[in-house]
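Here is the structure we will look at, set down as structure tokens.
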Amino acid sequence: MTITDNEDLLIEILLYLPAKTLIRFKLVSKKWFFIISGRHFSRRHSQHRHRLSKLESSFLLRCLGDSPEYLYLQSKLQPQKSVRYHFSPSLIDPTIWSFSNGLFLLVNSSTIDEPLEYCHIYNPTTKQSKKIPLNTHERFTFVIGLNLAFDPLKSPYYHIVCVRATRKRRPPSFLRGWYRYCQIEVYESGTDTWQLCGEPFLVPRDVDFNHGVYWEGGIHWDGIYFDLLESSICKHPELVELPEDAGIKNFQNNYVESNGSLHYMAHFSEENLVMVFELQSNCSQWLLKYRINLERGSEPLSVLSFIRGESEVDSMLVLCEPGKVIGYQIGEKSVKELVDFTEEQFYKAQCVQFGSHSTFQFIETLAPV
């Protein structure tokens, strides 16, 4: 008897292999195809891979502006060729709105400025997708945010957190124009249903609900987060170590989840300064991890992401300058070129083609949608 004759033993071995390898192994035989394609095995494999040591994230970078092009950046951040990513042919004009542990939430780019009627959940590794219709509400008419929450170690199912707003502002007149009245609605893939969660709430109109990051059971936006377990909106602690005049400066900020930690990145382009904070597990305070002075000239630069290593030497900023994606090793204070895309049609001289809000990280997974 060989290993392949013992299905249980074969499955235990296959669980240790990377997702892309398993996709190729579907061609070995019909038996292997049905094992690897099964939802039960896909979920077991997703959970098993997450239990292993640090998983390296790959990235999709969406071109700024009207170009629909996406660039693929491999998980091993070493010098590599410029590679465009192509979505499944069944998807028309897809735009990534959210991501979580290997899955993407997509919206048809031709309907972004129109009332949303549906979205897609998409696995970029297997290229499987699922169309999910959105509800309609008489009171909370507008969808102002869609965010994906998925943690295979907690559940094989994912959630979509939809933020809705009223057509007419409900607060007193002196607040009109500054706040809007919102309601959270959550989709659960296990039951294929939407449910209203928590009470309606007021938030400043400048809060962007389309760039939330899932971490520790919550969707985190700028200054607030939604706790899925408690169905409540909570506030983040204050960032006390930001410069005193940060509020009047033009700086870019975004959240990044990396290797189990949530980070806040602030990029002050005029000072060539990047500050990286880490949120404590109980959301009690932000700790300043790095204050990085990038010794550069006046050339445009955007900070795409942050990769938390096991040590400071391993931690890295992923940056974009005109025509190149580069990595800044924080411990060594050294820069290495990752991708040169000056030969691509979307390249424009003296411009950065990618930004932090157009950078989407994912890990290879067989998780079914």
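Sorted from largest down, give the three principal axis spans of the alpha carbons of the chain, whole angstrom values.
Computed over the chain, the largest-to-smallest principal extents equal 77, 53, 42 Å.
Return the subset of Lys26/Lys81; Lys130/Lys289; Lys289/Lys324; Lys131/Lys154; Lys235/Lys324; Lys20/Lys235 for which the Cα-Cα distance in this structure is over 30 Å, preserving the input order. Write out the running numbers ahead of the final one.
On the way: Lys26/Lys81 27 Å; Lys130/Lys289 39 Å; Lys289/Lys324 26 Å; Lys131/Lys154 23 Å; Lys235/Lys324 37 Å; Lys20/Lys235 39 Å.
Where the Cα-Cα span goes over 30 Å, the pairs concerned are Lys130/Lys289; Lys235/Lys324; Lys20/Lys235.
In deg cm²/dmol, rounded to 500, what helix-only [θ] at 222 nm does the chain give when every DSSP H run of at least 4 residues adds -39500 (n - 2.57) and the total is split over its residues?
Computed mean residue ellipticity for the chain: -3000 deg cm²/dmol.
Report, to two decimal places, the Cα Rg of segment 77-153 normalised by 2.2 N^0.38 Å (N = number of residues).
1.27
If you find the alpha carbon centre of segment 306-369 and of segment 138-170, how far apart are they in angstrom?
Centre-to-centre distance over Cα atoms comes out at 29 Å.
Going by average Cβ neighbours within 10 Å, how do the peptides 193-201, 140-148, 222-230 rank, with the highest at the top?
140-148, 222-230, 193-201
For Val240 and Lys127, compute 0.36 nm times the residue count separating them, minus their Cα-Cα distance, and round to one decimal in nm. Show your work: numbers first, answer last.
Working: separation 113, 0.36 × 113 = 40.68 nm, distance 4.27 nm.
Value of the extension gain: 36.4 nm.
Determine the relative contact order of segment 288-369: mean sequence separation of Cα pairs under 8 Å and six or more apart, normalised by residue count, in whole percent.
26 percent
I need the Kirkwood Rh of segment 239-294: take the reciprocal of the average 1/r across all distinct C-alpha pairs and report it in angstrom.
Values: mean 1/r = 0.0850 Å⁻¹.
Kirkwood radius, segment 239-294: 11.8 Å.
Can you give the relative contact order of the chain as a percent, counting alpha carbon pairs under 8 Å and 6+ residues apart?
Here the relative contact order equals 16 percent.
Size of segment 2-98 along its principal axes in angstrom, Cα-based, largest extent first?
Cα extents, longest axis first: 54, 32, 25 Å.
Here, each number is a calculation from the coordinates, and none is a lab measurement. Keep in mind it's a predicted model, so treat the numbers as computed, not measured. Here the Cβ is made from the backbone with ideal geometry for all residues, glycine too, and neighbour counts use every protein chain on show.
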